[in-house]
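Each remark here refers to the structure printed beneath this line.
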Amino acid sequence: KLLASGSGDNSIRIWEVASGLEVKKLDGHANTVTCVNWSPDSKLLASGSGDNSIRIWEVASGLEVKKLDGHANTVTCVNWSPDSKLLASGS
């Protein structure tokens, strides 16, 4: 099992829960990562940040697949719909 965490160094880290080891670091945000949320199928990760953006990451490759702009303030929450087709966010 994996765990994702957002950080004040603007990164997202993926951890292996059993070993406690970091397995991946995702960089791209320009400010503190304030929230992360796995898609229901665990293939994608959404992150929100103090840079007012949301980024969608493909976890297996560690690549950013989409950047969503539109918030005027820090994104404080992101949540996927059950089918992984929609993403709700708040700021």
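If a residue has to be out of contact with any Leu (no Cβ under 7 Å at 6 or more places or on another chain), without any contact (Cβ under 8 Å) to a residue 24 or more places away in the chain and part of a strand (DSSP E or B) to count, how many in the range 26-77 make the cut?
Going through the range 26-77 one residue at a time, the tally reaches 5.
Do you know which of the residues in the range 78-91 that are without any contact (Cβ under 8 Å) to a residue 24 or more places away in the chain and of a type in the set (A, V, I, L, M) is most open to solvent (accessible area, probe 1.4 Å)?
Looking at residues that are without any contact (Cβ under 8 Å) to a residue 24 or more places away in the chain and of a type in the set (A, V, I, L, M), I get Leu86.
Among the residues in the range 55-63, are any in contact with a strand residue (DSSP E or B) (Cβ under 9 Å, 6 or more places away or on another chain), under 23 Å from Ser91 (Cβ atoms) and open to solvent by 60 Å² or more (accessible area, probe 1.4 Å)? Step through it out loud before you land on a result.
Narrowing the range 55-63 to residues in contact with a strand residue (DSSP E or B) (Cβ under 9 Å, 6 or more places away or on another chain): 55-59, 62-63.
Checking the rest, the ones that are also under 23 Å from Ser91 (Cβ atoms) come to 55-57.
When the remaining residues are screened for being open to solvent by 60 Å² or more (accessible area, probe 1.4 Å), the result is none.
Taking every residue of the range 55-63 in turn, none turns out to be in contact with a strand residue (DSSP E or B) (Cβ under 9 Å, 6 or more places away or on another chain), under 23 Å from Ser91 (Cβ atoms) and open to solvent by 60 Å² or more (accessible area, probe 1.4 Å).
For the condition more than 9 Å from the chain's Cα centre (by Cα) and open to solvent by 30 Å² or more (accessible area, probe 1.4 Å), what is the one hit in Leu3, Leu44? Spell out how you get there, then give the answer.
On the way: Leu44 fails: more than 9 Å from the chain's Cα centre (by Cα).
One residue alone meets the criteria, Leu3.
Of all residues in the range 8-25, how many are open to solvent by less than 70 Å² (accessible area, probe 1.4 Å) and part of a strand (DSSP E or B)?
Number satisfying all stated conditions: 5.
Would you mention how many residues in the range 26-38 are among the polar types (S, T, N, Q) and either under 10 Å from the mean Cα position of the chain (by Cα) or open to solvent by 70 Å² or more (accessible area, probe 1.4 Å) (or both)? It would help to see each step written out before you state the result.
Residues of the range 26-38 that are among the polar types (S, T, N, Q), as a first pass: 31-32, 34, 37.
If we keep only those that are either under 10 Å from the mean Cα position of the chain (by Cα) or open to solvent by 70 Å² or more (accessible area, probe 1.4 Å) (or both) as well, we get 34, 37.
Adding up the residues that qualify gives 2.
The values are calculated or read from the model by the stated rules, or taken from the named source; none is laboratory data. These numbers were taken from a predicted model, which means no experiment stands behind them. With ideal geometry, Cβ positions are generated from the backbone for all residues, glycine too; neighbour counts draw on all protein chains shown. Please note that ligands, DNA and RNA were not included when accessible areas were found on the heavy atoms of the full protein model with its side chains. Shrake-Rupley method; radii C 1.70, N 1.55, O 1.52, S 1.80 Å.
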